[in-house]
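Worksheet for the structure shown next.
The values are calculated or read from the model by the stated rules, or taken from the named source; none is laboratory data. These figures come from a predicted structure and were not determined experimentally. Neighbour counts run over all protein chains shown; Cβ positions are idealised from the backbone, glycine included. For accessibility, only protein heavy atoms count, side chains too; no ligands or nucleic acids. Shrake-Rupley method; radii C 1.70, N 1.55, O 1.52, S 1.80 Å.
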Amino acid sequence: NLVDDAWNAVVSGNLSAVDFLSFTGNFVAERELAVWQSLAIGIRGVGRLLQRDHLPLLAARVRALAGPALADLGTTARAGEADLTAKLRGLLVGLVAVTGQDELMQRRCRDILLHPDADGNDPELVAAATTVVASIGNVDDYEWVLERFRNPDTPQEQIRMLYALAEFPEQRHVERAVEFAFSGEVKTQNAPFLIHRCIANRAHGNVAWQMLRRRWTEANDRFPSNTIVRMIDPVKLLN
């Protein structure tokens, strides 16, 4: 609740983002999932406020904050561990690798994704690795994710790969993801959530939003009416 209140104070303009980041430094020893979930929301929110050339400074702070907890947990699932521990590991891996820009963790995520059997197919690690690889991915990675969507081992993997298409860092890939949502290859109940994630893309959300605006009537005709509001929720993040 304390972390949530602090971040809400930033959103309302009653606390500076700098003070919020200083405040997060008190949680280096924290090991509770719920607290880290709130920290991650705030830290990622701060990341959206910064210019791109300032992100390396935020990344260094994130590595210093989350690195010790991740070092304690390790990046390999352990037999018999609690579900909350596995979820915390996945959250920290994603936070350190994406917001923290940790190249070693990024390489570890690529290894997890390409060789899942070596890690026992731990779903939290695989899910985190999918997002990480997409967030730093190139055209070959995009094609690999798209192929896994089309030929998944499980329905869960298909959904995971679908939503990962929105995480890629290049504009052309986000544009492809929006077009793909309208292609008919994606189930109509899932397509709005792919678009949702495209609009939430930090670098190219505005592009996705403009594409959707141009196809607004088609979207309303094609997608379930109860998904439309949720589809456009990330517009509040755009500037």
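In whole angstrom, how long is each semi-axis of the equivalent ellipsoid of segment 97-239, when you take the square root of 5 times every eigenvalue of its Cα gyration tensor and sort them from largest down?
Those come to 26, 17, 12 Å.
Translational diffusion coefficient, Stokes-Einstein: compute it for segment 6-131 using the Kirkwood radius over C-alpha pairs as Rh, at 20 °C and 1.002 mPa s, and state it as an integer in µm² s⁻¹. It would help to have the intermediate numbers written out before the result.
Details: Rh = 15.0 Å.
The Stokes-Einstein estimate is 143 µm²/s.
What translational D, rounded to a whole number of µm²/s, comes out for segment 103-178 from Stokes-Einstein when the hydrodynamic radius is the Kirkwood one over Cα pairs, at 25 °C and 0.890 mPa s? Could the numbers behind the result be given before it?
Working: Rh = 12.3 Å.
Calculated translational D: 200 µm²/s.
Per residue of segment 169-179, what does 6.51 cos²θ - 1.76 cosθ + 1.60 with θ = phi - 60° give for ³J(HN,Hα)? Whole Hz please, x for Gly and Pro, Karplus curve as stated.
x, 9, 4, 4, 6, 5, 4, 4, 5, 5, 4
Among the trypsin sites (Lys or Arg not before Pro) in segment 1-106, which ones are in a DSSP loop with at most 15 other Cβ atoms within 10 Å of the Cβ? Mind listing them?
Counting only loop positions with at most 15 other Cβ atoms within 10 Å, the trypsin sites (Lys or Arg not before Pro) in segment 1-106 are Arg31, Arg78.
With a 1.4 Å probe and all protein chains kept in place, how do His173, His196 rank by accessible area, largest first?
In descending accessible area the options line up as His196, His173.
Counting other C-beta atoms within 10 Å, and keeping those with at most 14, which DSSP coil trypsin sites (Lys or Arg not before Pro) do you find in segment 133-197?
Lys187
Where is the GNM fluctuation largest for the chain (alpha-carbon springs, 10 angstrom cutoff): Phe23, Phe180, Phe193?
Among Phe23, Phe180, Phe193, the largest GNM mean-square fluctuation belongs to Phe23.
Give me the number: length gained by fully extending Leu49 to Arg31, i.e. 0.36 nm times residue separation minus the C-alpha to C-alpha distance, one decimal in nm.
Roughly 3.8 nm would be gained on extension.
For the chain, what is the per residue volume of the convex hull drawn over the alpha-carbon atoms, in cubic angstrom?
For the chain, the hull spanned by Cα atoms encloses 134 Å³ per residue.
Got a sec to turn the phi values of segment 46-55 into Karplus ³J(HN,Hα) couplings, 6.51 cos²θ - 1.76 cosθ + 1.60 with θ = phi - 60°, whole Hz, x for Gly and Pro?
Couplings: 4, x, 7, 8, 8, 5, 4, 6, 9, 4 Hz.
How large, in percent, is the carbon and sulfur part of the accessible surface of the chain at a probe radius of 1.4 Å?
Carbon plus sulfur share of accessible area: 51 percent.
Compute the orientation-averaged projected area for segment 37-80 from the convex hull of its Cα atoms and round it to one decimal in nm².
Seen from a random direction, the Cα hull of segment 37-80 projects 3.9 nm² on average.
Placing unit charges on C-beta atoms (Lys and Arg positive, Asp and Glu negative, everything else neutral), compute the dipole magnitude of the chain about its Cα centre in debye, rounded to 20.
660
Please report, to two decimal places, log10 I(q)/I(0) for segment 86-142 at q = 0.12, 0.18, 0.25 Å⁻¹ as given by the Debye formula with identical point scatterers on the Cα atoms and no solvent.
Ignoring solvent entirely, the Cα scatterers give -0.22, -0.50, -0.95.
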